[in-house]
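Chemist: Below is a structure I'd like to ask you about.
The values are calculated or read from the model by the stated rules, or taken from the named source; none is laboratory data. Since the structure is predicted, the reported quantities are computational estimates derived from the model, not experimental observations. Note that we place each Cβ from the backbone using ideal geometry, even for glycine, and neighbour counts take in every protein chain shown. For accessibility, only protein heavy atoms count, side chains too; no ligands or nucleic acids. Shrake-Rupley method; radii C 1.70, N 1.55, O 1.52, S 1.80 Å.
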Amino acid sequence: MHGSILVLAPEGRDAEVIGSVLAEIGLATQPCADLPELCRSLGDDVGALMLSEGVLTDIEPLTAWLEAQPRWSDLPIVILTSRRSRQAGRGRQAFFQSLGNVTLLDRPLHREALQSAAQAALRSRERQYRTRSHLQEITQASSRLEERVAERTQALQAEMADRRRAEEQLHQAQKMEALGQLTGGVAHDFNNLLQGIVSCLAVLAPTVPDGTPRELFEAANRSIERGARLTQSLLSFARRQTLMPEPTDLGDLLTGMSSLLERSLGGQISVTIQVPPGLPAALIDRAQLESAILNLAINARDAMPCGGRLSLTASVAEIGDGETGSSAAVPAELRPGTYVAIRVADTGTGIDPSVLPHVFEPFFTTKPLDKGSGLGLSMVQGMATQSGGGVHIDSTLGGGTAITLYLPSVAAVAGRPAGTAADVERGEGRTVLLVEDDAIVRMGTMALLESQGHHVIEAESGETALALLQDGAEIDALVTDFAMPGMNGAEVVRAVRTLRPGLPALIVTGYADTPDLGEAVRLLRKPFSPNQIAEQLAAMLAE
Ligand SMILES: Nc1ncnc2c1ncn2[C@@H]1O[C@H](COP(=O)(O)OP(=O)(O)OP(=O)(O)O)[C@@H](O)[C@H]1O
Ligand SMILES: [Mg+2]
C-alpha cells in the first residue's frame, strides 16, 4: 500500500540499476531526470526519495517542500554517498541531517543493502500513513462530536427559551389572576356601597328643592354614575361582570354605532365598517360589546392625533384544533370552534414592543393622568374572555394597531326587539320579598321599591326569608342579592320556589358567577338605577 520511490541518480546507469534491484523485491520506482522534475513529482503518495549525493545542490525547492509537510509526514530520504565524501567534512553531515528522515547509503551499492534501505524507508512511510489515517479519524470524530454538541446546545437553548416563555406566561397569568381577584373583590364591595347611595338618593330625589340643592344632588348622581362605570370596568377585567349574552347581529350593532363613533373620533379620522353578508350572530352582551368597541375606537383616536383611518371588519373565524395555545396569532384561551371576529384597526402610532406585553394589565397606561386610566383594554379582554372568546393584538411601532375580538357565534339570531327605556312605573301595590345581607343596601332598595308603590318585606338572609314564608307571609315577587354569606341568591330562589312554585324572582348581582338556574330568573346588575329595577319588576309581575 506504500507509494513509489522517486529516484534521482543521474550518474551512469545508476537509476536503471536501482529500479531493477528494487523491482526484484516488488518495489516500484520512478526515475527523475533532475531535481526540478523530482520536486514536481513530490506529493503525499510518494513513499520515499533515493538521491545521489551529487545532485544536492540548489535544493531550496526540496527543503521548502519538506518543511511544509503536514504533521504526520516525515518523508524518508535515502542518500547514496561515497565514503570519501562523508569523511570530507562534518558540515556535509549536518546538511544531510537537516533534510530530516535521512539514511545514508555508501557506494558502491550492494544489492541487499539497497533493498533493505528501501524497505526500511517504505516501512517508516507506512507508519506515517497509519498515523495520517488515525489523525483523520480523530479529526472526523471530533468534528462529529462538535456538530452534535452544537446541535444539542441549540436544542437545549430552544428548550430553555420555551421554558422561560412558559414560565413568563404562567407568571403573567398568575399575576392577572391575583389582580383579577383583588380587583373583583374591591369592585364588588364598591358596587354595594354605590347601590346603597343610589337607592337612598333615588328615594330622596322628589324631596330635593330646586336651585343649588338640586344641582348638588345631580352632581352627586353624576359621580355615582362615574363610580358605577369604573366598577363595571373593574368587574369586566376581573371577568366577574354580570353578562347578559344574547344572539347579536354584528352588522346591526356596528352600523348602529357608526354615528357615535364618528362623533367620538372627530373629523380627521375616517371610519369604515365592513360586515360580510350572512355573518352568523355572536352570543354576546350587546351593551358590553358596544362599550368595548367604543374603548378600542377611543384608543385608536388617541393613537392618531393627526388623523387617520379606523376600520372595523367583521368576519367568521374558524379556530382549528392545532391553532390554539401554540399559535401567536390566536388568543391562547380560545377553544377550537367557530367564532365571529371583529377587527378594529387603526393607522396610528403603533405600540412599542416593550410596552406591548403590558397593555392588557389593568391601570397600565402611557397616557397622561387625566386622559387614561388604563382600564380600557383590560376591560375589553375580560369581557371577551368571560363571554367565551378572546382578544388578539397586533401592533408595530409606527405601523398602526389592530385588535381582534373573537366572540362565540350562534347559528341564528333570535330576533329580539330592542328594549326601550321605560319610565319609572308605579308598582301596583304588590308585595316584594327583598333578601339582602348588606343593611344599607337593603334599606336603600326597600325605600326605592316602596317609593315605586310596592310593599316590601325584608330579610337579611335566605334562611330568614324562608322562615318568613313558612310563617305564611304572602308575596308576589322575590328580589334577592346574589353574593351573601350562607345561601346565595340562586339557592334562595330555588328554596323559595319549593314553597311558592313559579314565584317571579329577580337576582341582583355585582358578580358574574351566577349559575345557570335552568328556570326563569331575571338578573339585574348592581348598581341599578330606579328605572331598571322598576322595569324588571313590572315585567316579572306581568308574566
Ligand atoms: N390603538 C392603539 N394604538 C396605540 N397604542 C395603544 C392602542 N390601544 C392601546 N394602546 C396602548 O395601550 C395602553 C393601554 O390601553 P388601555 O385602553 O387599557 O388604557 P388607556 O387607553 O391608557 O386608558 P383608558 O382606556 O382607561 O382611558 C394605552 O395607554 C396605550 O399606550
Ligand atoms: Mg383606552
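Chemist: When only residues in region 302-311 that are within 16 Å of ligand 2 (Cβ to nearest atom) and in contact (Cβ under 8 Å) with a residue 40 or more places away in the chain count, which is surrounded by the most Cβ atoms within 10 Å (Cβ to Cβ)?
Modeler: 310
Chemist: Sort out which residues of region 276-290 are without any contact (Cβ under 8 Å) to a residue 60 or more places away in the chain and either crowded, with 16+ Cβ neighbours inside 10 Å or polar (S, T, N, Q) (or both), and write them in order of number.
Modeler: Keep residues of region 276-290 that are without any contact (Cβ under 8 Å) to a residue 60 or more places away in the chain, which gives 276-278, 286-287, 290.
Selection gives 286, 290.
Here is a yes/no grid of residues against (1) open to solvent by 40 Å² or more (accessible area, probe 1.4 Å); (2) touching a strand residue (DSSP E or B) at 6+ places or on another chain (Cβ under 6 Å); (3) closer than 25 Å to residue 358 by Cα:
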residue	(1), (2), (3)
165	yes, no, yes
175	yes, no, yes
184	no, no, yes
191	no, no, no
206	yes, no, no
224	no, no, no
234	no, no, yes
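Chemist: Go through region 365-387 residue by residue and tally those that are away from ligand 2 (no atom under 16 Å from the Cβ) and open to solvent by 40 Å² or more (accessible area, probe 1.4 Å).
Modeler: 1
Chemist: Now, a different point. Does residue 247 satisfy the criteria of being open to solvent by less than 50 Å² (accessible area, probe 1.4 Å), touching a Ser or Thr at 6+ places or on another chain (Cβ under 7 Å), modelled with pLDDT of 85 or more and farther than 17 Å from residue 295 by Cβ?
Modeler: no
Chemist: For region 16-35, enumerate the residues that are hydrophobic (A, V, I, L, M, F, W, C) and within 19 Å of residue 116 (Cβ to Cβ).
Modeler: 17, 18, 21, 22, 23, 25, 27, 28
Chemist: Determine which member of the set 218, 151 is within 30 Å of the chain's Cα centre (by Cα) and assigned to a helix (DSSP H, G or I). Explain how you work it out, then say what you get.
Modeler: Details: 218 fails: within 30 Å of the chain's Cα centre (by Cα).
When all the criteria are applied, what remains is 151.
Chemist: Inside region 344-354, can you point out the residues that are in a loop (DSSP other than H, G, I, E, B) and away from ligand 2 (no atom under 13 Å from the Cβ)?
Modeler: Kept after step one, since they are in a loop (DSSP other than H, G, I, E, B), are these residues of region 344-354: 347-354.
Correct list: 347, 349, 350, 352, 353, 354.
Chemist: Condition first: over 14 Å from residue 118 (Cβ atoms), open to solvent by 40 Å² or more (accessible area, probe 1.4 Å) and within 60 Å of the chain's Cα centre (by Cα). Can you find one or more residues in region 36-55 that meet it?
Modeler: Scanning region 36-55 turns up at least one residue that is over 14 Å from residue 118 (Cβ atoms), open to solvent by 40 Å² or more (accessible area, probe 1.4 Å) and within 60 Å of the chain's Cα centre (by Cα).
Chemist: Out of the residues in region 394-412 that are part of a loop (DSSP other than H, G, I, E, B) and of a type in the set (Gly, Ala, Ser), state the one that is nearest to ligand 1 (Cβ to nearest atom).
Modeler: By that ranking, first place goes to 400.
Chemist: Mind counting the residues in region 292-320 that are small (Gly, Ala, Ser), within 28 Å of the chain's Cα centre (by Cα) and away from ligand 1 (no atom under 11 Å from the Cβ)?
Modeler: Counting residues in region 292-320 that are small (Gly, Ala, Ser), within 28 Å of the chain's Cα centre (by Cα) and away from ligand 1 (no atom under 11 Å from the Cβ) gives 5.
Chemist: A further question follows. If you check residue 95 against the conditions, is it open to solvent by 40 Å² or more (accessible area, probe 1.4 Å), of a type in the set (Phe, Trp, Tyr) and within 28 Å of residue 19 (Cα to Cα)?
Modeler: Judged against the criteria, residue 95 is a match.
Chemist: Among the residues of region 346-393, which ones are touching a residue at least 12 places away in the same chain (Cβ under 8 Å), of a type in the set (A, V, I, L, M) and near ligand 1 (Cβ under 9 Å from one of its atoms)?
Modeler: 351, 356, 359, 375, 377, 379, 380, 393
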